[in-house]
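First comes the structure, then the notes that go with it.
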Amino acid sequence: MTGSFQAYVPQVALDQVLPFALLIGAGLVILALDALLDFARGMTPARRDNILCWVTGISLLGAGFTHYADFLGANSRPFLEGAFRADAFGNLGALVIILAALAFVVMSPSLIRRRRLPAGELYALLLFSCSGMTMLTVANELVTAFICIEILSLALYVMAGIDRRSRRGGEAAFKYFILGAFASAFLVFGIAFLYGATGTTQLFGQGATYDRMMAAERLGMPITLPLGEPTYNMGINEVLHAGQRVVTVSQPVSEIVDGQVVVTDQIVSTLAAVNPMWLFLGFALVFVGLCFKLSLAPFHMWAPDVYEGAPTLSAMFIATASKVAAFAFLVHLVEAMSFWSHFPAASGFLIGGVAMVSILWGNLGAVVQSNFKRLLAYSSIAHGGYLTIAIATLVHPEVFGDYDRIERVRSAILFYLFAYTAMNILAFGVAAYLGARGEGDIRNYRGLFRRRPAVALAMALSMLSLMGLGIPLLIGFWGKMYVFKEAIDVGLISLVIVGAAGNVVSAFYYLRVVVEMFMRDDLPADAPPEESPRGLAFPLVLVASSALVVLFGFLPPLFLALGGR
Amino acid sequence: MLLTLIIFCPFVLGLLALLLAQAKQMKYWALGILVVDLLLALYAAVFVFDWSGAVQTTEIFGLEVQTPFQMRAHVPWPLLDMFEISYTVGLDHLGMLMVLLTAGLGIFGVLCSFTAIKHREKEFYFHLLVLQTGMLATFAALDFLVFYMAWELMVIPLYFLIGIWGSKDRLYATIKFVLYTLAGSLMMLLAILWMYYNGANTYSFEKMIGLGMAEKWHMAVWPFLGLMFAFLIKVPLWPLHTWLPDAHTEAPTAGSVILAGVLLKTGIYGILRFAIPLFPHAAVALAPLFTWLAIIAIIYGAMCAMVQTDVKRLVAYSSVSHMGFIVLGVFCFNGPALSGAILQMINHGISTGGLFLAVGMIYERRHTRKMADFGGLAHRLPIFAALTMVMVLSSVGLPGLNGFAGEFPILVGAMGNVPIMTLAENPSSFHGFLRQQNYTWLVAALAAMGVILGAVYLLLMYQKVFFGKLDKEENESLSDLNGREIFQLAALSVAALLIGLFPQTVMKPINHTTRHILGVVAAPLSLGPENEPLRYEEAPHDDHGHAAAGTAQTPEG
């Protein structure tokens, strides 16, 4: 080995970075257009907002297509020096995120008009956060993931408080920011521990890719670690599989070249045991940091205030897309760590405990809410709990090494995320459609069925579907059903029973909304006037998401069948 | 195909009516649809259904199984067939009887609402029709997920029926009803998932039986309790009954009639169809528990009924008491009690349904249900008084009416002193134990207390409402029943009388089911083959050529 430096040229394949590049580029274009369009002749603010809306929508569609193409050719091989690793799961998660963003864009013009929001900034922030989220779903490196989380969070903080006239919005943004920063500290701390324990920040390495490990595992063959290779080629999963990490030190070696003594560096690798305490601390801290982002109890304090204060569509985007992204990353992290022999025992309690607390806290908290958006916030805490049951299933020792089962659990998580997104688009969509009346007190929904039967039906559909187990043939039923099935299969009965009990409690508050809409007619005197926007945008989204809720409720596997599986 | 048609006819045609009918015409549409449905069901019962109960062989997900179910439809669920989910429906004798009961009572649900429902009529009748589909599907479903869906499909329309058209505290009642039912059905779902992952790997009930899962699961108590939790909430058995008085009291008349007449039976039906055949060992082991709960329900329900001032609430508590009888009959695990319990399922639908109809008629006239507000009505409404008397007596269990035909065998079975019918002599069975200790009379005596108390509260109620002096001014101007109302009560009275006088016609098909269930629990009870149900029908000549005499007979074999 010589001391000469080789020029470091990262290999960038355009098709791999296209989805992210498209979103970031479109965000920048939006910012430029926003500034430049004002100079165009005959331009009114309304027309400008219209153009920005179309540009955003089209770029999202483009990103969606590229993700879909990526998904079809997904090979789970790390790219960009191992910073990303696009597997089918991540790509489908990104598609769900883009779906939520598209719903946002379609419904946004009336909101922008009504609340007089700065369109250019809103769309640019949407695209930036979207890029952060889609990158997070395929992130393969802890620091990259952290940066993705920061990108998406910073954009979401601003989106939460973009209505500067609303005092609640400012409060929401500030609260979100403070607690988000808190969470980031946990994340960084955890990442540091993980690096200290394993000597790498990659989840899945390039040396032996996940595919190869899976193949070797199936054949029951040992995996040889490439000792001489630099450690950045190795991922946490390989280190943990070996149980030993590579410690690389460079030490000076003197050689005689052409009669002269030349001092060169020699890279020496030795093996050291992985410290399980550091590893657990690292995972626990990263998990807690993600819990903040996922609004899982007991780290959920921000969610009700942010949902209530933020503009409804921003709240919808925060509730759906950011959770999809963070869950996708959590799944990848958990999978990368699955080779750690202490992982299930040490983390099972942590993950299962968070799931249990979230389900109970979310469902019980929602019962006493009077504000519709706060109710949805608590409901989303509970739904996060149900998803965490699936994560607990994924780390269960019975699942370890059973790749068919892992695939099933991953599908269950993905389907649940999709179902959750579709149902919440519908619920928040109706609330946004009704304007101030829909976003406030639940009692303002009284008599909605008599006045606007179609809207009330859409909301009832979403509520019954959010209830999950209870009304079959709606998407929410299958979401929970899949998760519960896998959890029972590995024997996590206690979690499932808590989940079922929570589901009964949830029926109370979801049905309360239905009761107000269908069975009561005494609208409170202080109910704000109805201000439903005209045009086809809202009906389009509401009909489309209703169709998703019903269609995938009838044929749940269609979601994965569409994905070519 | 015919069965599918019967099940979905109310829903699909109801949807059509919702689009086409005018609000005022909707009731006639609903009536027509339900009559068509009843005719279809009768056609199936008379011409299609094979009452001799032949067992056919069929293939379900690659397994040849013997199935007693007829008129089957089996369609694997698109894209979900790898989980062995399928739309499977079929009827055996029990199912056929329940379908006939459902199709019949549905008509009364519409008839009694003709003038009672004044707002949002289209929705009301649509919900009734959806409820009908849910109930029919529940009685026909042979796939656990389809059963679960049908089970939930019954809840939603009733939730709206109570919540929108109910009386004062309807919202409280409807939410309570849904929460109770949902808690039960979630436990059922967990039990279903448990079954799927503990050897069955299918949701098809027939395949589970075909795979011999009942033997494999002989240690399983929790999944059995999960199923029973759902079914006993629906029954409802003490102490899970508290939703029932509220739901009944607040529901509109049609809701009460359907709820008492059919919905409560789905609980018993589930026990007989799924819980016992799949977990016979657990059922036998836990029979004492359910027997005593049933005894408590019988007496507690009756005592609660005695102190009610609201007629409807009284009838609701009488339901708790009567359903206790049925559960008692089921868990005695002997021929007469089981046959009596199944017959009582139909009887209770007729008599309690009739009582709720009567309460609805008087409520429509007087807008009160307090007994204190009535008195001496027999003077003003003689026809109403006479027809209600038949219903009350049928509910009390007067010999010659249907209630007696059902309750008597239950008491006989509980007593265990059936000379020809051998009970379980095995001390590990509850009844065997009691019988060994000469204690079966205790169960029977406590249950018989329920009959006596039933006579007390129902006849006292009748006396307070109909006899005495007509001393309330508001009651002076009440009009007697119109033709539509007379038809409702008279039709049910005729049915009560027919079953009371000729119980053997109904008992014959019931005994098929009884024999089946007893065959299922024979192994855990270690019964001999001579244990056969009480038979009301004329016993056929056996191999030795002599005709069996009397009402209770051992069958051949």
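The values are calculated or read from the model by the stated rules, or taken from the named source; none is laboratory data. Everything numeric here is computed off the predicted structure, so don't read it as measured data. Every residue, glycine among them, receives a Cβ derived from its backbone with ideal geometry; neighbour counts consider all protein chains shown. Accessible surface is based on the protein model in full, side chains and every heavy atom, while ligands, DNA and RNA are left aside. Shrake-Rupley method; radii C 1.70, N 1.55, O 1.52, S 1.80 Å.
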Over the range A:342-565, relative contact order from alpha-carbon pairs under 8 Å, at least 6 apart, %
27
Under a plain spin-label model, where a point goes 7 Å from the Cα along Cα-to-Cβ, how far apart in nm are B:Val35 and A:Arg114?
5.0
For the pairs A:Lys480/B:Lys216; A:Lys323/A:Lys480; A:Lys293/A:Lys480, flag any whose C-alpha to C-alpha distance is greater than 24 Å.
A:Lys480/B:Lys216
Over 10 Å intervals from 0, what percent of Cα-Cα pairs in the range B:292-342 sits in each interval?
31, 42, 22, 5
At a probe of 1.4 Å, how much accessible area disappears from chains B and A on forming the pair, both sides counted, to the nearest 100 Å²?
3000
Hey, can you find the accessible area per residue of chain B for me, probe 1.4 Å, expressed in square angstrom?
34
Shape category assigned to the range A:88-175 from the gyration tensor of Cα positions, a/c cut at 1.5
oblate
What angle, in degrees between 0 and 90 and rounded to the nearest 10, separates the Cα long axis of helix A:45-72 from the longest principal axis of the Cα atoms of chain A?
50
According to the Cα gyration tensor, what semi-axes, each the square root of 5 times an eigenvalue, does the equivalent ellipsoid of the range A:1-156 have, listed from largest to smallest in whole Å?
33, 18, 13
When the Cα centres of the range B:338-392 and the range B:446-462 are compared, how far apart do they sit, in Å?
15
Between the chain alone and the structure with every protein chain in place, find the residues of the range B:138-166 that drop at least 20 Å² of accessible area; heavy atoms, 1.4 Å probe.
B:Leu145, B:Tyr148, B:Met149, B:Glu152, B:Ile156, B:Tyr159, B:Phe160, B:Ile164
note: chain A, Cα-Cα separations exceeding 34 Å make up a percent value of 39
If I take all pairs of Cα atoms in the range A:342-565, what percentage of them are more than 21 Å from each other?
55
What does the structure give for B:178-190 when I average, per residue, the other chain Cβ atoms found within 10 Å of the residue Cβ?
6
Sorted by chain and then number, the residues having a modelled amide H within less than 5 Å of the amide H of B:Leu63, at least 5 places away or on another chain, are none
Can you give the local net charge around A:Glu530? Use residues other than it whose beta-carbon is closer than 9 angstrom to its beta-carbon, Lys and Arg +1, Asp and Glu -1.
+2
Under-5 Å amide H pairs with B:Gln70, H placed in peptide plane, nonlocal only
B:Leu91, B:Asp92
Cut-off 13 Å between beta-carbons: net charge of the residues surrounding B:Ala230, Lys and Arg +1, Asp and Glu -1
+1
Which number comes out as Rg/Rh for the range B:304-386 once both Rg and the Kirkwood Rh are worked out on C-alpha atoms?
1.09
Pairwise Cα inverse-distance average, inverted: Kirkwood Rh of the range B:126-199 (Å):
13.2
Expressed in nm², what is the orientationally averaged projection area of the convex hull enclosing the Cα positions of the range B:1-61?
5.6
Using the reciprocal of the averaged 1/r over all distinct C-alpha pairs, how large is the Kirkwood radius of the range B:237-294 in Å?
13.0
Going by average Cβ density within 10 Å per residue, which order do the peptides A:13-19, A:551-557 take, highest to lowest?
A:551-557, A:13-19
Can you compute the modelled spin-label distance between B:Lys24 and B:Val75, with each label point 7 Å from Cα toward Cβ, in nm?
3.9
List the residue ranges in chain B for DSSP H helices whose C-alpha atoms run 30 angstrom or more along the long axis and whose Kyte-Doolittle average is 0.5 or above.
B:144-165, B:170-195, B:280-306, B:311-332, B:335-366, B:440-466
Over 41 Å apart: what share of the alpha carbon pairs of chain B falls there, rounded to a whole percent?
18
Measure nothing but the geometry: give the 0 to 90° angle between the long axis through the Cα atoms of A:119-137 and the longest principal axis through the Cα atoms of chain A, rounded to 10°.
40
What average count of beta carbons from other chains do you get within 10 Å of the Cβ of residues in A:497-507?
4
Which angle between 0 and 90 degrees, to the nearest 10, do you get for helix A:537-554 versus the longest principal axis of chain A when only C-alpha atoms count?
70
Number of partner chain Cβ atoms within 10 Å, mean per residue of B:193-205:
2
In whole angstrom, largest first, the equivalent ellipsoid semi-axes that the Cα gyration tensor gives for the range A:306-417 are 29, 15, 10
Quick query: amide H of A:Phe79 versus all other amide H atoms, modeled in the peptide plane; which residues come in under 5 Å with a sequence gap of 5 or more or a different chain?
A:Phe84, A:Arg85, A:Ala86
First compute the accessible area of chain A with a 1.4 Å probe, then give the percent of it belonging to carbon and sulfur atoms.
66
Given the pairs A:Lys373/B:Lys122; B:Lys265/B:Lys312; B:Lys234/B:Lys312, which are separated by over 22 angstrom at their Cα positions?
A:Lys373/B:Lys122
Any chance you could list P(r) for the protein assembly as shown, counting all Cα-Cα pairs in 10 angstrom bins from zero, rounded to whole %?
2, 10, 17, 19, 17, 14, 10, 6, 3, 1, 1, 0, 0, 0
What number comes out for accessible area per residue over the range A:465-565 if the probe is 1.4 Å? Units Å², please.
34
